[in-house]
Amino acid sequence: MMKSGVVLIAHGSRREEANTEIRNLVHQVQEANPHGIYEVAFMQFGSPDLKSAAARMAAKGVKRIVVVPLFLITGNHVTQDIPQELVNLKSDYPDLEVILARHLAGHPALVTIIQDRIVEAFMEGEVVGE
């Protein structure tokens, strides 16, 4: 059986607390599946980058990775930058099978999340400027 892992990749932020939120999310995903192998990666302003995350996967003996873009919209990172980085990874790791998952836009759970946030705001949100 081929050893597999998952890289969750986000944009990254100059604000380290934002990058910490992404790391915490990846930690929660790991806790939900303790037997999985997970890494975080950032496109910009955060560390590690995708190449470093893939290197860590390879060092763990992973032969197949799924890269999950933590992006809400179909922007340049989703359509161009991440796919190009994956092509580059294949030249660095020719034996590594790389699979690109879809980004988050269009997933039906997002409607539920948005509805939950709206209800939450009406119930306990703070009015701005008061």
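Couple of notes before you dig in:
- For region 116-130, filtering for residues that are surrounded by 10 or more Cβ atoms within 10 Å (Cβ to Cβ), over 23 Å from the mean Cα position of the chain (by Cα) and modelled with pLDDT of 90 or more leaves 4.
- Matching residues, region 27-51, being surrounded by 14 or more Cβ atoms within 10 Å (Cβ to Cβ) and of a type in the set (Ser, Thr, Tyr): Tyr38
The values are calculated or read from the model by the stated rules, or taken from the named source; none is laboratory data. If you're wondering where the values come from, they're calculated on a predicted model, not measured in any experiment. Quick reminder, even Gly has a Cβ in these numbers, built from the backbone with ideal geometry, and neighbours come from all protein chains shown.
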